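Novice: Here's a structure for you.
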Amino acid sequence: MALQWYPGHMNKAKNQVQDRLKLVDVVIEIVDARIPFSSRNPMLDSIINNKKRVIILNKSDLADSTSSKKWQDYFESKGINTYIVDSKHSNNMNNLINNIKKEVAQKVEKYQKAGVKNYRIKAMCIGIPNVGKSTILNRFAGKNIAVTGNKPGVTKNQNWIKTKFDFDIIDTPGILWPKIEDEKIGLKLALTGAIKDSIFHADDVALFALDYFKKYYPDKLKKVYNLSDENLGYENPELLLFLTKKSGMKDDFDRMSEKIMMDIRKGVLGRYTLDQVDEVENAIN
Ligand code: G4P
């Protein structure tokens, strides 16, 4: 795989986050609920350090709800309040907002005691592209706003986004990527559409997907592709070829691979989570 974790870009992003961290009361970390581990940067915990933080497991409508609850319990066991959110279909952010406010209530009280009236909480949103950062920020702002976070280098100024609640959010232009060069993490990012399709071959992504779904969601595979238990016993490449032929694509397994990838991404196979709490040790350090 021709992929690098670009330490130069990463350092820049890290510095940008660290600079802005000084200006905020709380960090709102947004992850894709289907990949709560693989959509996080492993350095993030040390970067954020002791700053108050909440985690949003967004796109919960696409994720396996049992897994989302396990991830919520996991992160909360590490002391980070975690919220299961579907920002596409629900614009009710009140519960989330009230809880974010609770995180920083002590600080706000301190300011109020010191005579600062109407203190506006300052927050920073962090998340890799496609986790739904813009959707959530738009919900907070109550209107469509341009989020620069996905275009590294476009904005050099500090951009504060005013929300319709009593807090403001600073936009972070850099992206702290997960460890894409770890092949499993990369394949999970590819399968959910978080990284460009050109980074991995579709057949590698499809073979990974078949392997994972055989293990964790065999019934979904059987139902959607009309497979028997015997078919599920095939080795992954054999199963891919079988599916290719069965779908009338002759031996064009590239085309079938893309179909499998898109089916899973679009939720044709239903809800799924690609990171299992018990398989990931120390997701939070
Ligand atoms: P980003 O800023 O982090 O890059 O993400 P953005 O908000 O642009 O969202 C990326 C895609 O994910 C968008 O879909 C958006 O609608 C979708 N999305 C965001 N939050 C959720 C969620 O909670 N559930 C689901 N199912 N989807 C979510 P798109 O196809 O690029 O655009 P659109 O056609 O939906 O507008």
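Novice: Summing Lys, Arg as +1 and Asp, Glu as -1, what charge do residues with Cβ under 9 Å from the Cβ of S247 carry, S247 excluded?
Specialist: Net charge around S247: +4.
Novice: Here's something else I'd like to know. Would you mind computing, in nm to one decimal, how far apart the modelled labels at D251 and K107 are, each placed 7 Å from Cα along Cα→Cβ?
Specialist: Result: 6.2 nm between the two label points.
Novice: Now for a different question. Using only Cα atoms and rounding to the nearest 10 degrees, what angle (0 to 90) does helix 65-77 make with the longest principal axis of the chain?
Specialist: 40 degrees
Novice: Please give the helix 253-266 orientation as an angle from the longest Cα principal axis of the chain, in degrees from 0 to 90, rounded to the nearest 10.
Specialist: Rounded to the nearest ten degrees, it is 40.
Novice: Using Cα atoms only, what is the angle between the long axis of helix 94-103 and the major principal axis of the chain, expressed in degrees (0 to 90) to the nearest 10?
Specialist: 60 degrees
Novice: Bins of 10 Å, beginning at zero and ending with the bin holding the largest distance: percent of Cα pairs per bin for the chain, please.
Specialist: Once binned at 10 Å, the Cα pair distances of the chain give 6, 27, 32, 21, 10, 4, 1, 0.
Novice: Which percentage, to the nearest 5, of the DSSP beta bridges contained in the chain is antiparallel?
Specialist: 15 percent
Novice: Continuing with this model, one more query. Summing -39500 (n - 2.57) over the DSSP H runs of n ≥ 4 in the chain and dividing by its residue number, what mean residue ellipticity at 222 nm do you reach, to the nearest 500 deg cm²/dmol?
Specialist: The per-residue figure over the chain is -13000 deg cm²/dmol.
The numbers here are math on the coordinates, done by the rules we state, and not lab data. Predicted, not measured: the structure shown is a model, and the values here were computed from it. Please note: Cβ atoms are built from the backbone with ideal geometry, for glycine as well, and neighbour counts cover all protein chains shown.
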